[in-house]
Amino acid sequence: MQLNIRDLASHSGQVRRIEQSDVGHLFQGESDVTRAEPLLIEVQAMTDSGVVDVSGTLTLPAEFVCSRCLCQYGQRLSIPFRERFTRDKNRSDADEDDLHVINEDVVDLTPYIEESVLLGLPYIPVCTPECKGLNPETGANLNIDPAAVPEARIDPRLAVLQQLLDKGKQ
């Protein structure tokens with residue numbers, strides 16, 4: 001997605017853009033994201049005092065693999081987006097670390113959008129906050145079969161001791 005700064009000034013200082021973009025290439029080699037639909041980009045650009053403020057929402061429907069139970073689940077991510085640009089190289093406000101200095105009339109927002117998408121992904125994807133995960137002994141999904149508890153195994157070296165304890169209970 002490209003934004004023409006010169007056109008922005010001629011459109012009363014405000015432009016709204018809605019586009020779709022394929023971001024599937026961002027998830028190649030990523031085991032947590034199994035499928036991603038096209039990204040819906042809704043941004044509004046405004047100019048004020050030589051600063052172009054681009055803000056909006058990135059909506060990404062995607063399928064993830066739960067890190068606890070390893071099941072696939074779908075989620076619609078709504079990622080906030082905000083970037084600021086200026087052509088003034090001498091601007092040195094202390095609180096403006098997020099201000100990008102540009103040299104051209106056209107700004108390519110694609111790298112900023114891709115960065116926001118990657119940062120907006122869940123760090124540890126979980127299908128539900130109550131997900132119980134897998135049984136470490138059997139590998140059974142505890143969300144489906146919570147009673148899938150394995151039999152208590154006794155160390156063969158302690159089997160004689162277990163027999164003595166069982167006799168003492170009788």
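Readers should treat all values here as calculations from the given coordinates under stated rules, not as data from a laboratory. Because the structure is a prediction, the values reported are computed rather than measured. Neighbour counts are summed over all protein chains in view; Cβ atoms, including those assigned to glycine, are modelled from backbone coordinates with ideal geometry.
The table for this structure:
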{"quantity": "Range in the chain, longest, excluding exposed trypsin sites (Lys or Arg not before Pro) [loop by DSSP; at most 11 other beta-carbon atoms within 10 Å]", "calculated": "1-88"}
{"quantity": "Shape metrics for region 2-120, restricted to C-alpha atoms - Rg then Dmax, Å", "calculated": "16.9, 54"}
{"quantity": "Cα long-axis angle, helix 159-169 against the chain (0 to 90 degrees, to the nearest 10)", "calculated": "70"}
{"quantity": "Rg(Cα) / (2.2 N^0.38 Å) computed for region 12-60, rounded to two decimals", "calculated": "1.53"}
{"quantity": "C-alpha long axis of helix 110-120 to longest principal axis of the chain, angle in °", "calculated": "30"}
{"quantity": "Cβ-placed point charges (K, R +1; D, E -1), dipole of the chain about Cα centre in debye, nearest 20", "calculated": "860"}
{"quantity": "GluC sites (Glu not before Pro), loop per DSSP, at most 12 other Cβ atoms within 10 Å - longest free stretch of the chain", "calculated": "1-95"}
